[in-house]
1. Quick check: anything in segment A:56-71 over 24 Å from A:His281 (Cα atoms) and either touching a residue at least 24 places away in the same chain (Cβ under 8 Å) or open to solvent by 30 Å² or more (accessible area, probe 1.4 Å) (or both)?
2. Can you tell me which residues in segment B:92-104 are at the interface with another protein chain (Cβ under 9 Å from one of its Cβ atoms) and touching a Phe, Trp or Tyr at 6+ places or on another chain (Cβ under 7 Å)?
3. If we scan segment A:124-138, do we find a residue that is within 14 Å of chain B (Cβ to nearest Cβ) and either farther than 25 Å from A:Leu241 by Cα or open to solvent by 10 Å² or more (accessible area, probe 1.4 Å) (or both)?
4. Does A:Gly142 count as within 19 Å of the chain's Cα centre (by Cα) and within 14 Å of chain B (Cβ to nearest Cβ)?
5. Limited to segment A:354-390, what total is found for residues that are aliphatic (A, V, I, L, M), outside any strand (DSSP E or B) and open to solvent by 10 Å² or more (accessible area, probe 1.4 Å)?
6. Considering only segment A:101-108, I want to know if a residue exists there that is touching a strand residue (DSSP E or B) at 6+ places or on another chain (Cβ under 8 Å), under 26 Å from A:Arg203 (Cβ atoms), open to solvent by less than 30 Å² (accessible area, probe 1.4 Å) and at the interface with chain B (Cβ under 10 Å from one of its Cβ atoms).
7. Can you find, within segment A:113-123, the residue that is surrounded by the fewest Cβ atoms within 10 Å (Cβ to Cβ) among those that are more than 7 Å from every other protein chain (Cβ to nearest Cβ) and part of a helix (DSSP H, G or I)?
8. For segment A:263-276, what are the residues that are in contact with an Asp or Glu (Cβ under 8 Å, 6 or more places away or on another chain) and open to solvent by 10 Å² or more (accessible area, probe 1.4 Å)?
Amino acid sequence: MERLPSVMSQNRVWYCLDCGKCSAVCPITRWETRQYTSPRLLVEKAVQGHPDEVLDDPLFWSCLTCKRCSELCPSGVYFSEFLRDARAMAQEKGQKGECSHSEVIQVWGRIMAHANPAQDRLGWIDGDLRVSHDSDVLYFVGCLPYYDALFKKIGCEGIEIARAAIRILNHLGIEPQVLADERCCGHDQLWEGDWETFQALARLNLEQIQASGAQQIVTTCPECARTLKLDYPRLVGGHPLRVFHLTEFLAQPGIGDRLNLKAEDMSPTVTYQDPCRLGRHLGVYDAPRQLMDRLGLHRIEMGRTGKASLCCGTSCWTQCGQVSKNIQVERLREAKATGAECLVTACVKCQIHFKCAQSDPALREELGIDIRDLTTLLAERLGDGTKAEPS
Amino acid sequence: MNDRARVVVFTCNWSGYSGLEAAGGARLGFPASVFPLRVTCLGRLSSGVILKAFEKGAAGVLLLGCPPGECHYQFGNHRAEEVLAEARQLAGLLGYRREQLKLDWVDAGDGEAFVTKVRDFIAGLNGK
């Protein structure tokens, strides 16, 4: 951890005023009962030159990097990024966080990065879904086929999200490219400090993306969007492609307004969970809301929404436990309190984490609310043919 | 795939491992490329542990447990089937062939069956 001071400088940690605004909003601080922990305290340990205490702090591995603290910080400390970079140093020393799901998600990431298998990941493209090899648009599927295999049992929409995305793009006359050997984008590896795997995955993806000849990348995963848009160019290699989350892509004039959406008489009342990566990381708040409004959904916002939105409680499949569960329950109660029938999100991970919390038999009734991805909601309301003229 | 390709064999403590011990006692040989790993019950495995064997370079992963209906813990081999189904789906997406991952059983103390099943699994990997 001898490089800690330089990582602190890069991320403006020295500017901390010790004001504690971060601690007031940190979801981990609120629920970590074993030991007091907060972003401010962790920064103080770093500033006072105690790297071992920084590493031992529960927040070091459990921070969700949701950037809620950064929204309020008057000094502009990049706390999430500071931990991301410090975790990479810790991993070099052989330390890491506790992986959930028997580490299977990290394992498949490493297999994709190093073992070089020929994946068989496009079996879901069937029926009326149309893809091509020369489209201007590349749909980056992300780990959806894998999450489908792992989380179908808790009701995760999984690969249905990818099918819905292709259906929406087809509706607009776009037959997107999909990569037969696309790798995990490396988001989780980057944020939990596995720098080596992240770089390997990024290089493999960049090779294929550049060879595709596409000009635009569309994803349905905010983490893929952030990583491809911000982290690949900054950390691994530039690419000329424009990167969009599907909701952003559809918000462009002349594209989304061509969607012919069926208005339904009995649309459910919905509330919206801003995914951290889409909201605070990429600044996309309005695009998904506009789409919901166009669907005629009656939207009721939760108390904490937009920039103040509460994270779904787990990040990078690491350190999932009582604290994560409490955050998820807190958020689901908030969603239920709006009176909405459906919690809409735009990130498959939010959906997985909330559905996991809902699977607790003791809480099933209290937390029972339908959870849907905006992509599948949109796809099932597509009418016949696009609108002739952009409105 | 050659005969030296590494194969990980997860054995349950009660039947699979008992078969391995009996094979050793009877001096029944099996290829040196086989890495047996003893677990208390195959039901305690997870898809992460199984895929990790592939990550570390295994060409095949064989799970040897108790005969159907004779699990030492009653439901362990049923649980192992569920884990296998999940691991198979993930391994298939990653590009591993179906014959590279298999669940089978041996009777407790049956060294010959252990050796036969391991050899058959390796032969299957080699497409024989």
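1. Just the residues of segment A:56-71 that are over 24 Å from A:His281 (Cα atoms), to begin with: A:56-57.
Within this subset, residues satisfying the condition of being either touching a residue at least 24 places away in the same chain (Cβ under 8 Å) or open to solvent by 30 Å² or more (accessible area, probe 1.4 Å) (or both) are A:56.
Yes, because at least one residue in segment A:56-71 is over 24 Å from A:His281 (Cα atoms) and either touching a residue at least 24 places away in the same chain (Cβ under 8 Å) or open to solvent by 30 Å² or more (accessible area, probe 1.4 Å) (or both).
2. Narrowing segment B:92-104 to residues at the interface with another protein chain (Cβ under 9 Å from one of its Cβ atoms): B:92-96.
Correct list: B:Leu93, B:Leu94, B:Tyr96.
3. At the first step, the residues of segment A:124-138 found to be within 14 Å of chain B (Cβ to nearest Cβ) are A:124-125.
Within this subset, residues satisfying the condition of being either farther than 25 Å from A:Leu241 by Cα or open to solvent by 10 Å² or more (accessible area, probe 1.4 Å) (or both) are A:124-125.
The answer is yes, given that some residue of segment A:124-138 is within 14 Å of chain B (Cβ to nearest Cβ) and either farther than 25 Å from A:Leu241 by Cα or open to solvent by 10 Å² or more (accessible area, probe 1.4 Å) (or both).
4. Details: within 19 Å of the chain's Cα centre (by Cα): yes; within 14 Å of chain B (Cβ to nearest Cβ): yes.
For A:Gly142, the condition - within 19 Å of the chain's Cα centre (by Cα) and within 14 Å of chain B (Cβ to nearest Cβ) - is met.
5. Here is the first cut: in segment A:354-390, the ones aliphatic (A, V, I, L, M) are A:357, A:362-363, A:367, A:369, A:371, A:374, A:377-379, A:382, A:388.
Next cut, outside any strand (DSSP E or B) only: A:357, A:362-363, A:367, A:369, A:374, A:377-379, A:388.
Then drop every residue that is not open to solvent by 10 Å² or more (accessible area, probe 1.4 Å), which leaves A:362-363, A:369, A:379, A:388.
Total meeting the criteria: 5.
6. Of the residues in segment A:101-108, the ones touching a strand residue (DSSP E or B) at 6+ places or on another chain (Cβ under 8 Å) are A:105-106.
Checking the rest, the ones that are also under 26 Å from A:Arg203 (Cβ atoms) come to A:105-106.
Filter again for open to solvent by less than 30 Å² (accessible area, probe 1.4 Å), leaving A:105-106.
This time we only want the ones that are at the interface with chain B (Cβ under 10 Å from one of its Cβ atoms), so: A:105-106.
Taking every residue of segment A:101-108 in turn, at least one turns out to be touching a strand residue (DSSP E or B) at 6+ places or on another chain (Cβ under 8 Å), under 26 Å from A:Arg203 (Cβ atoms), open to solvent by less than 30 Å² (accessible area, probe 1.4 Å) and at the interface with chain B (Cβ under 10 Å from one of its Cβ atoms).
7. Filtering segment A:113-123 down to residues more than 7 Å from every other protein chain (Cβ to nearest Cβ) leaves A:113-114, A:116, A:122-123.
Among the residues that remain, those that are also part of a helix (DSSP H, G or I) are: A:113-114.
Details: A:Ala113: 23, A:His114: 14.
Here the answer is A:His114.
8. Of everything in segment A:263-276, those that are in contact with an Asp or Glu (Cβ under 8 Å, 6 or more places away or on another chain) and open to solvent by 10 Å² or more (accessible area, probe 1.4 Å) turn out to be A:Pro268, A:Thr269.
The values are calculated or read from the model by the stated rules, or taken from the named source; none is laboratory data. Note that this is a predicted model, so its numbers are computed, not measured. Methodologically, a virtual Cβ is constructed for each residue, glycine included, from the backbone with ideal geometry; neighbour enumeration extends over all protein chains shown. Each accessible area value is taken on the protein alone, full model and side chains, heavy atoms only, with ligands, DNA and RNA left out. Shrake-Rupley method; radii C 1.70, N 1.55, O 1.52, S 1.80 Å.
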